[in-house]
Amino acid sequence: MVATSTGWDAEKLITVVIPVLNDAPALASLLLALPAADPALEIIVVDGSEASDPDLEALRQRYSGVRWMRAAAGRGVQMNHGARHARGRWLVFLHSDTRLEVGWVDALRRLDEQPRIVGGSFRFALDSPARWARWIEWGVRIRVRLFDLAYGDQALFVRRTVFEGVGGYRELPLMEDVDFIRRLRSHGQLEHADVPAVTSARRWERDGWFRRTVDNVLLVALFFGGYPPERLARHYRRGVRR
């Protein structure tokens, strides 16, 4: 269980904001993987579901040291809500199906002493032994290196003061992470830490490795081209249903 011996009002080094929507099993696994005993860490879970979830309520009872909140559904909405209540100097936005491996807290401790770094991401990895997974990881490394462009499944992090300065996430139905990292780049240097953020491969396994990858690239290209995020979100949902 996450310890909070200093109370909600004490400043922390890091606040982890986790938006959830009907994904209690993934959240249960994630909470087990976080370094519960670290006093520098604060964890905020923001639930976007409309109805009460018994499994989520059980987690709330088990992890009383986590700050549990409700907000309207939508990652941008939920992450902004959590960030407004954060006490950490750094914000880490973590998807419930992503796990940060050992060393991520120390990485942020080092960056805390480097004021030129305003934010960044961790290294994308997939929890699959498939060869396709290694190719996709390689492609993401190239994208980040060439374009300084990380996505939300890399556990984006940012100084809280900078997050407030850029106005947080735009509450878009899709691409809120891409939009945010593009705006963040204009406020200082980004650091892409070499600590794996291991993400579930279930979307690629469900949709097909090639098709999911091509769809992702197409969606981002259309977004950069000015295609409305609302229409992109409808396209993405249709693809998931297929």
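The values are calculated or read from the model by the stated rules, or taken from the named source; none is laboratory data. On a predicted model such as this, the values are computed, not experimentally measured, just so you know. Virtual Cβ from ideal backbone geometry, glycine too; neighbours counted across all protein chains shown. The protein model used for the area step is the full one, side chains on, heavy atoms only, and it has no ligands, DNA or RNA in it. Shrake-Rupley method; radii C 1.70, N 1.55, O 1.52, S 1.80 Å.
Given Cα pairs under 8 Å that are at least 6 residues apart, what percent is the relative contact order of the stretch 93-234?
So the answer I get is 37 percent.
Give a residue-ordered list of calculated ³J(HN,Hα) values for the stretch 63-79 (Karplus: 6.51 cos²θ - 1.76 cosθ + 1.60, θ = phi - 60°; whole Hz; x for Gly, Pro).
Each residue's phi maps through the Karplus curve to give 10, 5, x, 7, 8, 9, 9, 10, 7, 4, 5, x, 4, x, 4, 5, 5 Hz.
Rounded to the nearest 20 debye, what is the charge dipole size of the stretch 62-177 about its Cα centre when +1 sits on each Lys and Arg Cβ and -1 on each Asp and Glu Cβ?
The dipole magnitude comes to about 200 debye.
Give me the 1.4 Å probe accessible area per residue for the stretch 1-141, excluding ligands and nucleic acids, in Å².
Ligands and nucleic acids excluded, the result is 46 Å² per residue.
In sequence order, what are the phi-derived ³J(HN,Hα) couplings for the stretch 47-57 according to the Karplus relation 6.51 cos²θ - 1.76 cosθ + 1.60 with θ = phi - 60°, rounded to whole Hz, with x for glycine and proline?
The phi angles translate into 8, x, 6, 7, 9, 5, 10, x, 5, 5, 5 Hz.
Which percent of the accessible heavy-atom area of the chain goes to carbon and sulfur, probe 1.4 angstrom?
Ligands and nucleic acids excluded, carbon and sulfur reach 53 percent.
What list of ³J(HN,Hα) couplings, whole Hz, do you get for the stretch 82-89 from phi and the Karplus terms 6.51, -1.76, 1.60, once you set θ to phi - 60° and write x for glycine and proline?
Calculated HN-Hα couplings, in order: x, 5, 5, 9, 6, 10, x, 6 Hz.
Working out 0.36 nm times the residue gap between residue 233 and residue 216, then minus their Cα-Cα distance, what length gain in nm do you get to one decimal?
5.0 nm
For the chain, give the magnitude of the charge dipole about the Cα centre (Cβ charges: +1 Lys/Arg, -1 Asp/Glu; no others), in debye to the nearest 20.
760 debye
Under 5 Å between amide H atoms, partner at least 5 residues away or on a different chain: which partners does residue 123 have, H built in plane at 1.01 Å?
Amide H neighbours of residue 123: 195, 197.
Find how much the distance from residue 73 to residue 55 grows on full extension, using 0.36 nm per residue of separation minus their present alpha carbon separation; answer in nm with one decimal.
Net length gain for the segment: 4.7 nm.
Once amide H atoms are placed 1.01 Å from N in the peptide plane, what residues at a sequence separation of 5 or more from residue 65, or on another chain, have their amide H within under 5 Å of its amide H?
2
Of the beta bridges DSSP finds with both residues in the chain, what % are antiparallel, to the nearest 5?
The antiparallel proportion sits near 25 percent.
Give the residue from 233, 86, 161 lying farthest towards the positive end of the charge dipole for the chain; charges sit on Cβ (+1 for Lys and Arg, -1 for Asp and Glu) and the dipole is referred to the Cα centre.
233
Where the centre of each part is set by its Cα atoms, how far does the stretch 25-57 sit from the stretch 194-229, in angstrom?
For the stretch 25-57 versus the stretch 194-229, the Cα centre distance is 25 Å.
If you count, for each residue, the other Cβ atoms within 10 Å and average over each peptide, how do 102-110, 191-199 line up from highest to lowest?
Packing proxy ranking, top to bottom: 191-199, 102-110.
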